[in-house]
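Here's the structure we're looking at; comments come further down.
The values are calculated or read from the model by the stated rules, or taken from the named source; none is laboratory data. Just so it is clear, the structure is predicted and the values come from calculations on it, not from any experiment. Note: ideal-geometry Cβ built from the backbone for every residue, glycine included; neighbour counts use all protein chains shown.
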Amino acid sequence: MTGRRDWLTALYAAGITPASFVPDASAGRVADPDEAPAPTVELVEDDELQVHALVPGAPPAVVAFLDGIQQWKVVGYDGVRPIAVAYVAAAVRQRGPDGRLRTAQWEARELVVAAPDSLDDARRRAIEAAGLEVVSAEADPAGAGQPGQALESLRREVRRARQTLERDMGRRAVEHLAKDEWLVVDGQLAISAALARHPRAIGVIKSHGAEFLEGRHLERALTVPAAHRTSVFRVHGGHGRTEVDSWYLRLWPWEGRDLYYGLIRIEVARGPDPGARAPGISGWLFAERATLSAPDARFDRLLYPIHDVETYLRSRAPGDLLASPASRLPRTGT
Amino acid sequence: MIERPSQGPGDLPPVPVGRVVATEQKPATPHQFHFWTATETTVGIGAIVKVQGGGTGDGGRVGGRGKGEEGRVVYGVVTDGFAYSDLASPLHDVIGAEGDPARAREAPTARAEIRLWTAAVLRQIPEEPLQPVPLGDVHMASDADVAQALRMDAYLHGARPTAIPVGLYTSGGLESPVYLDADFLVGPEAAHLNISGVSGLATKTSAVEFLMGAIFQHFPPHRGSVAAVCFNVKGPDLLFLDQPGALEDEDRRRYARLAVDPAPFERVRYFAPFKADGVNLNTLRTNAELAGTVEPLVWGLTEVLDFAEVLLNRDDIDAKADAFIDFLADRVVRRDFEDGFGGRHRVETFADLERLFRSIFDGLEMAGRGDIWRTHHIATIRKVRNRLGNVSTRCKGLVTDDGPSSDLPWGKFADRTVYVIDVANVDPLGQDLVFARVVSGLREHLERRDLGVDAVVVFVDELNKYAPADGPETYVKKMLLDISERGRYLGLVLFGAEQFRSQVHRRVVGNAATQVFGRMDADELATPGYQVLSPATKIKLATLPIGELMVRHPHFTQPIFVRFPRPAVLRGRDGVERYPPAEDLPFEEAVVRQLARLDPGMRPNQVKDLITDRDESDVRRALGAVRRERPVDVLALFRKRLGSRVAPEGVRERAAVQPLNPIAEEPY
């Protein structure tokens, strides 16, 4: 955040009310189940959604892992319209035969996100002069000027910036994948056509905000036992425009815990024989249970290499966008 | 010597091996800092590292360091190391591997690991203001860095360098000579060296041999002359210092790096007392090829009387006895003395003293003058006579009843010469006597500046025995304390060695400015004296290989590990294999050998003819006289001192009175 203090001072001098507020989950990512159109699915492996036992498998010798982070913080109010500073970053860390992860790509952006009409030209120039990118959030469709909705609009903008970064990085990553190398993406492949079409790219989805199945198929998918997977189904629509093949996979026994405990959904590019690829990929993803990504609260679904990429990204992120753990004031309920 | 710090215009910026980190829990301070490295690193415990606060050498990068830290350089030595992963609980690893350790090995991704090191600051440049260590890059130290870090630049360069190589600091493929400051090793600024280590690894003796060789070769001429006196107290340890030992190429390379010539000592003189027979030397250096090089160490009354306290225990020496011994020393010995009964005496030997005692007792008895002689009670005189008369028996071979003594070359000590006194096979009382007298002699001559050299290094092994932390206040312990506390003013330097430093008198150890540690026993390392060392340093000390030492020196703010080449002299064990000790010679042969050493052209038969049927004590006396006078014509003087042969007088038959009544005729 080089030079942020100067432009902030200028903003405050120009009438922006200082603020310091880190919204919940600003340091992490949340699913946006409500935004995407409902996907349609088509079973492509079995006639009926089945549960298949996994065959243990070893991962490929070289696998790259892609993940991104976003952090943001409200630094001021123009009237009641929030102005936020955001940091988004993504990285690809590649695992070699020695099992160690090394950074192949890293990129970060620092943005100032605000409602379109809250930053005039002078203020914009002050921010851009400090080397920050200015992004206008979507206008409040209701036009009511509700700060809560404006805040949500800022959050979407930050998420979009992070996704763009991930998408671009993913595209570059698959372009450079060697013949036997794979790319595992944290999240949906369908956000990028390049990723969704690459034969050695895998999306691992650990948030299940949007369900792709219903009825008995949904029940069977969500109760799949540990070390089992479901049949492969093809996903149309949803977040992406490119069709992908997908299936559920249970890493850890869920009985006695939660329905989603240890449950991940896999996405791979649409293929001619989906049932042939799923056992092998499932086998080596199951082997990724170890190393355990604890103490991360999502350790049951979070693959350790993805956790590693997150850790790497956080270690390089500026510290001033996080809520200070040492604040003397109790956290507010905003 | 080593190169001066330089950085030419074409030099590439050094590659950092680590980076200083500071957290609230582990902050950087002016005396300690932490840094991380790659998991595969050459950094280890004892490694010397350099931290650059920024500016030059930092690749021009900015960040992570405050203003004013540009150009600040901090040197540190690694004292502890930590490795950990992001594993929050061991249980997580168990869960990940489903309780099967074999599966843990099969995990496709290796956990993120850290190698975190703790380093103690050796030096900061500039030294003022003293600040916490900056969060800069960490580099392995070069030769020049090591010199700066250990403040060796002050005595390594300049018009009058005083550097004595002690070993090579090795780390990460780098190898830098480490030097001690002669002014702090031999005096006058500080002095003395103490070396500790477990027995049997040849570390202590080897280190001292190497260091003495380095001192002899590097002791600066402007500091004068130096000699060494070594007490060989066990086996053949120091008996072959003049013989070349086997060296490997690695040793020769280290010698070359330290600029020390890998050669045995040029000038070594060996001294040993006789055995009880008075003619065979009490040493293991008796092989025919070397026998002539050992000089006898024989003392008489005059040499021993001043050290009666050593020879007689506390119960023997009360105030009265002490006063009488002082009287003898001051008024009687080596003086023409009248006993008050008409007898004139010149007491130079125990035999002369015995004659004086007899004269006193006879005189008192004849004169009937009671129990007092010259204010001394006859009981005191008898007691002293009894105790002193016993000395030559208890120290037979070292102390002679009569005849001349053979001593160290007082006043003629030579520069760069080692004087080895072999007391390994002498009984403890004799060892104490030798030690006390030699050290006293050195001190007295150095005080008068007439020893022949300006400084003497005295090497004493087994300080656990001679200067124990507890136990009685012996004369030897007092001598060692005296050297430790006053020696540096005189040029009398103690190089002491022991197995358990914690059990040596604190003042003896504490006054040693230079401390050297070989492999240490774990129990010893658990004693309070080692609390300043980190657990990692203790572990390293407990597992040190032969040839590696930890050195503390006044210029070094932290202990430094160095490696030294094996000494260029023949090790004692190898020496006795190459030169097996000879069997004790018969009396005649031993006398011949003693004389032949003075005159190699002498014909043995002539000597044998001379001593045939002669009293052995007469022969020993004559031999001693010849040894002391070292005449041109050895045989002639020996013959003269032996005196003319006196024909034995046959026993005359005494006229006996016949019994009047032979017993045999008695009926009963």
Margin query: If a residue must be over 30 Å from A:Y312 (Cβ atoms) and either touching a helix residue (DSSP H, G or I) at 6+ places or on another chain (Cβ under 7 Å) or modelled with pLDDT of 85 or more (or both), how many such residues does the stretch A:20-40 contain?
Written below: 0
Notebook entry, point to check: When the residues of the stretch A:90-117 are filtered to those that are among the small types (G, A, S) and buried (at least 24 other Cβ atoms within 10 Å of the Cβ), which remaining residue is nearest to A:W7 (Cα to Cα)?
Noted result: A:A114
Notebook entry, point to check: Does at least one position in the stretch A:217-238 carry a residue that is assigned to a strand (DSSP E or B), over 17 Å from the mean Cα position of the chain (by Cα) and modelled with pLDDT under 90?
Noted result: yes
Next item on the list: Return the total of residues in the stretch A:239-256 being under 21 Å from the mean Cα position of the chain (by Cα) and within 14 Å of chain B (Cβ to nearest Cβ).
Entry: 1
Check: Does B:V233 fit the bill of being of a type in the set (A, V, I, L, M, F, W, C), closer than 24 Å to B:Y579 by Cα and in contact with a Phe, Trp or Tyr (Cβ under 8 Å, 6 or more places away or on another chain)?
Finding: no
Margin query: Of the residues B:I381, B:I360, B:I325, only one is within 30 Å of B:D277 (Cβ to Cβ) and in a helix (DSSP H, G or I); which?
Written below: B:I325
Note to self: As an exercise: evaluate B:H34 against (1) modelled with pLDDT of 85 or more; (2) assigned to a loop (DSSP other than H, G, I, E, B) and give the number of the one condition it does not meet.
What the structure shows: (2)
Check: Which residue, of B:T557, B:T537, B:T514, B:T543, is in contact with a His (Cβ under 6 Å, 6 or more places away or on another chain) and under 26 Å from B:P177 (Cα atoms)?
Finding: B:T514
Checklist line | Candidates B:F561, B:F587, filtered to the one that is of a type in the set (A, V, I, L, M, F, W, C) and closer than 25 Å to B:T162 by Cα | finding: B:F561
Checklist line | Of the criteria (1) part of a strand (DSSP E or B); (2) under 29 Å from A:A190 (Cα atoms), which one A:Y77 fails | finding: (2)
Next item on the list: Just give me the residues in the stretch A:257-278 being away from every other protein chain (no Cβ under 14 Å), buried (at least 16 other Cβ atoms within 10 Å of the Cβ) and of a type outside the set (G, A, S), in sequence order.
Entry: A:L263, A:I264, A:R265, A:I266, A:E267, A:V268, A:R270, A:P274, A:R277
Next item on the list: Select from the stretch B:387-417 the residues that are buried (at least 20 other Cβ atoms within 10 Å of the Cβ) and on the phi > 0 side of the Ramachandran plot and list them in ascending order.
Entry: B:G397, B:G403
Next item on the list: Looking at (1) without any contact (Cβ under 8 Å) to a residue 24 or more places away in the chain; (2) of a type outside the set (S, T, Y); (3) over 26 Å from A:L183 (Cα atoms), find the lone condition where A:E133 falls short.
Entry: (1)
Margin query: Anything in the stretch A:293-313 that is more than 12 Å from chain B (Cβ to nearest Cβ) and among the charged types (D, E, K, R)? List them, or say none.
Written below: A:R298, A:R301
Check: Somewhere in the stretch A:312-330, is a residue modelled with pLDDT under 95 and closer than 21 Å to A:A201 by Cβ?
Finding: yes
Next item on the list: Would you check which residues across the stretch A:157-195 are among the hydroxyl-bearing types (S, T, Y) and either out of contact with any Gly (no Cβ under 8 Å at 6 or more places or on another chain) or free of Cβ contacts under 8 Å to residues at least 24 places away in the same chain (or both) and list them?
Entry: A:T164
Next item on the list: Scan the stretch B:440-465 for residues that are surrounded by fewer than 24 Cβ atoms within 10 Å (Cβ to Cβ) and part of a helix (DSSP H, G or I) and jot them down.
Entry: B:S440, B:G441, B:R443, B:E444, B:H445, B:L446, B:E447, B:R448, B:N464, B:K465
Check: Can you pull out the residues in the stretch B:202-241 that are under 20 Å from B:R160 (Cα atoms) and among the charged types (D, E, K, R)?
Finding: B:R223
Check: So which of B:A582, B:A596 is of a type in the set (G, A, S), touching a helix residue (DSSP H, G or I) at 6+ places or on another chain (Cβ under 8 Å), surrounded by fewer than 20 Cβ atoms within 10 Å (Cβ to Cβ) and in a loop (DSSP other than H, G, I, E, B)?
Finding: B:A582
Notebook entry, point to check: Checking B:V310 against (1) in a helix (DSSP H, G or I); (2) over 29 Å from B:T474 (Cβ atoms); (3) modelled with pLDDT under 85, which test does it fail?
Noted result: (2)
Notebook entry, point to check: Which of the residues spanning the stretch A:87-115 are of a type in the set (G, A, S) and within 12 Å of chain B (Cβ to nearest Cβ)?
Noted result: A:G96, A:G99
Notebook entry, point to check: Can you name the condition, by its number, that B:G370 falls short on among (1) in contact (Cβ under 8 Å) with a residue 12 or more places away in the chain; (2) over 30 Å from B:P220 (Cβ atoms); (3) among the small types (G, A, S)?
Noted result: (1)
Check: Is it true that some residue in the stretch A:43-51 is part of a strand (DSSP E or B) and either surrounded by fewer than 23 Cβ atoms within 10 Å (Cβ to Cβ) or away from chain B (no Cβ under 14 Å) (or both)?
Finding: yes
Checklist line | Residues satisfying the stated conditions in the stretch B:75-106, i.e. at pLDDT 90 or above and either of a type in the set (V, I, T) or part of a helix (DSSP H, G or I) (or both) | finding: B:V77, B:V78, B:T79
Next item on the list: Please enumerate the residues belonging to the stretch B:138-155 that are in a helix (DSSP H, G or I) and under 17 Å from B:F33 (Cα atoms).
Entry: B:A149
Item checked: Scope the stretch B:623-645; condition touching a residue at least 12 places away in the same chain (Cβ under 8 Å), within 35 Å of the chain's Cα centre (by Cα) and in a helix (DSSP H, G or I); matching residues -> B:L623, B:G624, B:A625, B:V626, B:R627, B:R628
Next item on the list: Have a look at B:V133, B:V121, B:V146 and point out the one that is more than 40 Å from the chain's Cα centre (by Cα) and either away from chain A (no Cβ under 14 Å) or modelled with pLDDT of 85 or more (or both).
Entry: B:V133
Notebook entry, point to check: Any idea which of (1) more than 24 Å from the chain's Cα centre (by Cα); (2) surrounded by fewer than 19 Cβ atoms within 10 Å (Cβ to Cβ); (3) over 30 Å from A:A178 (Cα atoms) is the one A:T40 doesn't satisfy?
Noted result: (1)
Notebook entry, point to check: Can B:V347 be described as more than 30 Å from B:Q243 (Cβ to Cβ) and buried (at least 19 other Cβ atoms within 10 Å of the Cβ)?
Noted result: yes
